[in-house]
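Each reported figure results from applying straightforward, stated rules to the coordinates on display, with no laboratory input. Being a predicted model, the structure only gives us computed values, none of them experimental. Note: ideal-geometry Cβ built from the backbone for every residue, glycine included; neighbour counts use all protein chains shown.
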Amino acid sequence: MATPLPIVKPDAAERFSRICSDCGICTSSLRPHVKEACAFLVQKYDELELTVQGHARRAGTDEVYFGPYKKILRVRRQRPIAGAQWTGVVTTIAMRALEQGLVEGVILTGTEPGTLNKPQPVLARTPEEVLACRGNKFGLSPTLEKIDDAIAAGLKRVMVVGTPCQFHALRVIESTLPFDELWCLGILCSDNTTHENYMTFLKSVSRSPDTVVHMEFMPDFRLWMRHTNGEVEKLNFVEIPMHEIGPDLIAPSCRVCFNYTNSLADLSVGYMGGGMPDNQWLLIRNAKGWRLLDLIRDDVELSEPTESGSRALAMKGFLSQLGKPYTKGAPRPVKKLIAFLQRRFGPRGLEFARTRVEMKLAEGLFTVRRKAGHREALLVPRYAYVPLEKYVLPGETQPPRPPVGVKRPRRLATLGKPVKDRILESSDPVGVG
């Protein structure tokens, strides 16, 4: 019998220096699957979307930007949960899943004791344990390590609340796990870093960095920081001193991520397409996603998504600066004016979400081509090129196209579970309840 690979846990700095999102595969008993499962070795998003959701992204629809889905809705909890990131939608879904016996455990990210927001993987067995994990944590977290604990506890019905890169790994190995049911509740994620880098960032942007509980880059083009006393501190994007912070804030793995909207989840929850101030958006991706929404229909207000403005100017400005070193920029009064114009005329709702997706795809492809061009076919999903057809990346002369004549590794037998084995029978209701 072959000797199992040892479980190694390099420190955060070492993982950060590599293209590693610290998902938890490498640092658990799942490590033998890493070459198949890691999105930053050989991504399989195109194949996995087809396997997990039953179809590829449909041309001419918002699936081009957001991945396969059944329905997009705006959502807010009628009675917000104190201490939640927004109103507590993700927390409520996970709590109801335990209360109603849909799952026996929820793998998610909590807070390390003695800190305000340092992430720590958790296997929650009770609604109270889920509630204690409420709120977003800005920092890489090896959440999938807790799969080991779920297996050791003999759990058969498990929910994972995770990020896109975590779900890429999870979907690849799903058929090898001893669970009868796996529920994937996805959070949307674009940029992340280590907790140490996060604290350094706060010192550059906040008047009181040691009291910041939650932080978010909001659709009103401002950074919102919530403090322990409930105060929300706001800073215009254009006033963030990136020339002081430097280019190494964001994890290298996030620089080459192409799945901000978490398209492999059953239900994706975020805020970019939800509007302001408390609305989030839901992307119901399959019948399991409808079932998760059903858990909270009595707790939330649902509505159709809205949109306004155009991303054209935002994308033009973004591409003009892509790859250039950070500078101090314009005088403060000019930055204030720019911020006002962004809020007055910039994209909102779904158009803001499309903007953010296109920016991430452009940044990711630009970074891959500049630093690892020989691996483009392995790192970049084919769907990433479609939204970029109308743009030209810096230093290039035509819109990007996928590499031709480059062979990818053969599809692996462990790639997800067949749709018929994963998705519950459902009428896929489309009404807003």
Taking L177, L131, L144 and counting other C-beta atoms within 10 Å, the order from fewest to most: L177, L131, L144
Read-out P(r) over Cα pairs in 10 Å bins from 0, in percent, derived from the coordinates shown; its label in (i) 4, 18, 26, 28, 19, 5, 1, 0; (ii) 4, 21, 34, 28, 11, 1, 0; (iii) 4, 18, 29, 29, 15, 3, 1, 0: (ii)
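Could you give the length gained by full extension between S320 and S29, i.e. 0.36 nm per residue of separation minus their alpha carbon distance, to one decimal place? Could the numbers behind the result be given before it?
Values: separation 291, 0.36 × 291 = 104.76 nm, distance 4.46 nm.
So the extension gain works out to 100.3 nm.
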³J(HN,Hα) computed for each position of the range 393-398 - Karplus, 6.51 cos²θ - 1.76 cosθ + 1.60, integer Hz, glycine/proline x: 6, x, x, 10, 10, 8
Amide N proximity, the range 170-184 versus L41 label position 7 Å along Cα-to-Cβ, cut-off under 18 Å: 170-177
Separation of the K328 and A372 label points, Cα + 7 Å toward Cβ, nm: 3.6
Computed Kirkwood radius, in angstrom, where 1/r is averaged over Cα pairs of the range 232-316: 16.3
Normalised contact order of the range 185-284, rounded percent, pairs of Cα under 8 Å and 6 or more residues apart: 34
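On a 27 Å Cα-Cα criterion, which of the cross-link pairs K44/K234; K288/K371; K44/K390 come out too long?
Working: K44/K234 38 Å; K288/K371 39 Å; K44/K390 25 Å.
From K44/K234; K288/K371; K44/K390, over 27 Å: K44/K234; K288/K371.
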Prolate/oblate/rounded label for the range 259-382 (Cα gyration tensor, a/c 1.5): oblate
Gain in span if fully extended, R79 to A312, counting 0.36 nm per residue against the direct Cα distance: 80.2 nm
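If you take the square roots of the eigenvalues of the alpha-carbon gyration tensor of the range 11-118 and sort them as a ≥ b ≥ c, do you get rounded (a/c under 1.5), prolate (a/b over b/c) or oblate? The partial results should precede the final answer.
Numbers: a/c = 1.77, a/b = 1.05, b/c = 1.68.
Oblate is the answer for the range 11-118, as a/c is 1.5 or above yet b/c matches or exceeds a/b.
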Karplus-derived HN-Hα couplings along the range 167-178 (A = 6.51, B = -1.76, C = 1.60, θ = phi - 60°), whole Hz, x at Gly and Pro: 6, 4, 5, 5, 5, 5, 9, 3, 5, 8, 8, x
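For E181 and E389, calculate 0.36 nm times their separation in residues minus their Cα-Cα distance, and state this gained length in nm to one decimal.
On the way: separation 208, 0.36 × 208 = 74.88 nm, distance 3.89 nm.
Fully extending the segment from E181 to E389 adds 71.0 nm.
What is the fewest-to-most order of M359, M276 by other Cβ atoms lying within 10 Å of their Cβ? Numbers along the way, then the final one.
Numbers: M359 18, M276 13.
Exposure proxy ranking, most exposed first: M276, M359.
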